[in-house]
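Below is one structure, written out as structure tokens, with a few remarks after it.
Bear in mind these aren't lab numbers, they're just calculated from the coordinates by the rules spelled out. Please read all numbers here as calculations on a predicted model, not as lab measurements. Quick reminder, even Gly has a Cβ in these numbers, built from the backbone with ideal geometry, and neighbours come from all protein chains shown.
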Amino acid sequence: GDIAPEWKADYKDTGPIRTDIASKKVSGSTSYLPWILVIILLIPLCYFVYETTQRKQDDENLVSAVERRLLIIEEQIHSLQNSLDLLTSLEGQLNDLQLEVSNITNRLPTAISIERIRQQINDQNNEIERITQKIQNINESNLNNSEKDQQKIEEQQYYVVQKGDNLFQISSKNKITMQKLKEINGIGPDEAIFPGQRLLLE
């Protein structure tokens with residue numbers, strides 16, 4: 001029903017106040033709306049930027065890995081090239097060796113003949129050395145015999161006076177005259193002989 005006059009005034013006064021509060025609430029809620037929209041739009045944008053950055057990083061890592069792999073492959077190719085050059089060089093050396101072996105094989109009969117001649121020369125040298133040694137032995141034997149003969153001759157040509165010997169006994173024993181024995185040895189008429197004295201007999 002009816003409202004008391006004093007309450008009517010209050011009611012009328014509070015009406016605009018409540019309207020202002022409602023309008024403030026509506027205006028406050030609408031002021032956050034752009035920020036919410038911005039945030040909603042920024043989330044996928046940030047995700048897109050993150051995905052793009054991550055993908056770029058992955059691509060860079062992939063490129064780096066590919067570059068490293070290419071460097072390794074290039075080094076392997078270089079190593080294979082060096083190995084190929086080495087094989088080519090070894091092949092050339094092998095060909096030279098085969099050619100040298102072929103030349104040696106072709107010269108083998110001549111080499112065998114030369115070796116045979118060398119063997120014959122060595123045999124001849126050994127024979128000459130053997131004959132030379134034999135001659136040397138004969139010469140040494142002859143020299144020894146000659147020395148012995150010379151010693152015998154000297155023993156025959158000289159006589160060593162023994163104790164108790166006299167010129168007559170010595171001359172009679174060696175078939176020489178006493179006069180000749182004195183003349184050969186230069187013994188005077190009154191000169192005596194002594195033991196150990198060597199008397200020339202011829």
With a cut-off of 19 Å, note down the residues of segment 164-188 whose backbone N falls inside the zone around a label point 7 Å from the Cα of Glu202 toward its beta carbon. 170-186
Rounded to a whole number, what is D in µm²/s for segment 32-106 from Stokes-Einstein with the Kirkwood radius over alpha-carbon pairs (10 °C, 1.306 mPa s)? 86
Summed over the other residues with a beta carbon less than 13 angstrom from that of Pro189, with K and R at +1 and D and E at -1, the charge totals -2
Diffusion coefficient, µm² s⁻¹, Stokes-Einstein with Kirkwood Rh over alpha-carbon pairs of segment 161-202 at 10 °C and 1.306 mPa s: 154
Relative contact order, percent, segment 161-202 [alpha-carbon distance under 8 Å, six or more residues apart]: 55
Phi-derived 3J(HN,Hα) across segment 181-194 with the Karplus relation (6.51, -1.76, 1.60, θ = phi - 60°), rounded Hz, x for Gly and Pro, is 4, 5, 5, 5, 9, x, 8, x, x, 9, 8, 9, 9, 9
Using amide H atoms built 1.01 Å from N in the peptide plane, name the residues 5+ places from Tyr158, or on other chains, whose amide H lies under 5 Å from its own. Leu201
Given a Förster distance of 35 angstrom, what is the FRET efficiency for Ile72 paired with Glu51, based on the Cβ-Cβ distance and rounded to 0.05? 0.65
How large is ³J(HN,Hα), in whole Hz, for each residue of segment 76-90 in order, when computed from phi with the Karplus curve 6.51 cos²θ - 1.76 cosθ + 1.60 and θ = phi - 60°, using x for Gly and Pro? 5, 5, 4, 5, 5, 5, 4, 4, 5, 4, 5, 5, 5, 5, 5
